[in-house]
Structure formats: structure tokens, C-alpha cells
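Note sheet for the following structure.
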Amino acid sequence: MERTKDLADDAGLDVINTQDLPERLEQDRLLGRGLWRVDIVEGTFDLDSRMDGTTKDPLDSCEGLPPQFCPLASPLTKGSGFDNTPTAISSWRDYYKAKSMDIAFPAPLLMSNALTLFHAISHLFPRPSSQSSSPRPMSFAPGSHICIHIIQATQSQVELAPYYQLLAPLFPYVTIDIFLIGPGVVVVPLASGMNVKGPLDTPTVLAKRDHSIEYKAEAFGSCIRVHFARARYEEFPRSNYPPHIIVCQDAAARLFLRPEGEEGQTVGEEDLKAAEATVAAVFRMEGVRVLFAESTELDAAIVRERIRVRGGKSSSVEVGVNPFRQTLRRHMPTLRIPAYLNGYLVTCVV
């Protein structure tokens, strides 16, 4: 577990402890501006938070960001060394240089999901597979199309969806469809401009349960389309929108469930069956790349082992530290180790 202890040391950026987060956001004059909310950064923003009616709607996803992010699909800085070769960006430091951004600005708190997806597309999966069955062809050359399924999505992930616009200058002349799929999401982000208030069982809310937002960046010829589906993955029409990559965040806790659960809590039989159905839906896919983003090295090891048992393809499973992890350090009291959202990436091809 040595890598877990030292994960903060090679980030090259300020690491913020969870208990210090409100003070740090206040100090940087970010707290309460746009999506700079403690619950969104920590990933605890849920349905109750979305539906309580106390949050100004819509929020401005650019609020609090440096001017080079307004709009979010702004170009990379000319002369940065990355403006003509954006896929050469391989770390937060590279990205800060590409955007001429002050190293002290806490961009990873809100942008980790988007840049982790960039890393997966540009660095993790393009290399040839050693498997006997090759993955579905995927390219980010001009004119290409890429489809991503993010499963077991949470409302916090939905709220951060506007930041997928950051992909536009990184993949010029490419269309990317990103599906956020999960049974526990309202599906319309606060920053989308669409009001969704009232009980979840009202016709007004249910009528918006399937919703899409299209972000066109004419300067780059790019199009980022984000789709929201309030459904379990096994119920989602996967064959209608075949993915190049399936992504699951914190799969050790959300997908590969164990009867004993975490911290002594028992997982109900229905939850176990539902999780197993989702896992089965993933492994029924053929030639699809799968990315599991885990918060600790222990969770990554658990996921790796579950894949080996499930798929019998241990040689194809890889685990690595994510250079675009979030820089919020959480502490796991039962394990006495720190955790970082998107800290470790487990990759395989099913």
C-alpha cells in the first residue's frame, strides 16, 4: 500500500484535506459560486440536494473559473507546446501549461472527471490489445466519433457534466457522445438551464428523465453531446448506442458489491442482485474497453481481482495511477489510508 500513502507527493499541485475544503474555497473566493459547492466537489450532492428548491437555477458552470475557461471550450494557449498537439498532454502540469493557468488554482476539484476521460481516450486504450479478440476500433482522428457509457452515475457526476466541454479543444473535429446512466439521477444538471423542481414522481420530472445537451465548438469542429438516462445499465438500450468505452467510478463500492458491505453494513439481497445484473450487462459486451476509476489502491486491487474471477482474462487487466486524479484528500477511517477520487485506473477489454 505504499503507493497509496505517497499518491499526493507526485501530483505537483496543492492537495486539500477534506476538512479544509470549505476554508480553502472561501479563501480562493470560490465557495458558493457556480458549481463550487462542497457537496459537488466531495461527490455527496444527491437527489435531495437537487430537488430541495433552495439552489439558484440555473448555475453558471464558468463562474469562478479563470478567464481562459470562459467559455469552457476555449482554445489552448498558443505557443504552449500543446496547442497543435493536445493529446500530448499527460498530466495536470501539462494541462495547466496548455491553459496558461496559475498552478495554485484548484482546477482538479471540478475537472478531474473530464480530464480522466481525456486520458482514457488519448493514452490508455489506443495501444494494441494483447487479447485474442480485438476491441472495437476507436480513433480520435479528425472526423471520428467516440461513444462513452458512464454507468452507475451519481447526481454529482451529472452536475459536473458541463465540464465535458473541455474535451472540445483536446479532440478537434471529433464528435463524442457521453451517456451518464444510473438509476439514482434526476438527469438535468443545475447548470443546464432547465428547471426541475417537485417530487420525483410528478409527470413534469419524469417527462425529463431522458435528456441531452449538445455542446458545439465551431472553432474546433468538435461536438460534445452529453446524454442523461435514469436507468439501470442492464435496462439501457446498449445496442442502439454501442460504446467504445464503459466507465464506472468507485466500482468497488457501487458495482462489485459484497454481502458484508463496507464498515460492517450488510448489503441487501435486492441490491446484490441489481449490482450483479449490471456487472453481467458489462461483461456481455464484446470488444469494449472498460475503465474503473477507484479512490484507493486497495479498491483497485479488489476490482482487478473481481475482473479476473469474472472474465478469466487476468493478463488483460491493468492498474495504474491516474495523472488527472482529483486533489481532494479524503481519509478512510476504517482503513487509515487516504483516498483520492479517480486516483487509480483499472482497465480491461471485455
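The values are calculated or read from the model by the stated rules, or taken from the named source; none is laboratory data. Keep in mind that this is a model prediction, so the values were computed, not measured. Cβ: placed from backbone, ideal geometry, glycine included. Neighbour counts: every protein chain shown. Quick note on the areas: whole protein, heavy atoms, side chains included, nothing else; ligands and nucleic acids left out. Shrake-Rupley method; radii C 1.70, N 1.55, O 1.52, S 1.80 Å.
Structure values in brief
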item	result
Meets criteria (open to solvent by 10 Å² or more (accessible area, probe 1.4 Å) and of a type in the set (A, V, I, L, M, F, W, C)) for residue 118	no
All positions within region 331-350 that are modelled with pLDDT of 90 or more and either of a type outside the set (Ser, Thr, Tyr) or under 21 Å from residue 246 (Cβ atoms) (or both)	339, 341, 342, 343, 344, 345, 346, 347, 348
Of all residues making up region 82-119, the number that are under 20 Å from residue 142 (Cα atoms) and in contact with a Lys or Arg (Cβ under 8 Å, 6 or more places away or on another chain)	1
Residue pairs meeting the criteria (Cβ under 7 Å; at least 6 apart or on separate chains; first over 15 Å from residue 223 (Cα atoms), in region 138-156; second outside any loop (DSSP other than H, G, I, E, B) and among the charged types (D, E, K, R))	152/254; 155/50
Residue 58 vs. criteria part of a helix (DSSP H, G or I) and either modelled with pLDDT under 90 or surrounded by fewer than 16 Cβ atoms within 10 Å (Cβ to Cβ) (or both)	no
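Every residue, every condition in (1) in a loop (DSSP other than H, G, I, E, B); (2) of a type outside the set (Ser, Thr, Tyr); (3) at pLDDT 90 or above, yes or no:
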position	(1), (2), (3)
246	no, yes, yes
259	yes, yes, no
263	yes, yes, no
266	yes, no, no
270	no, yes, no
292	no, yes, yes
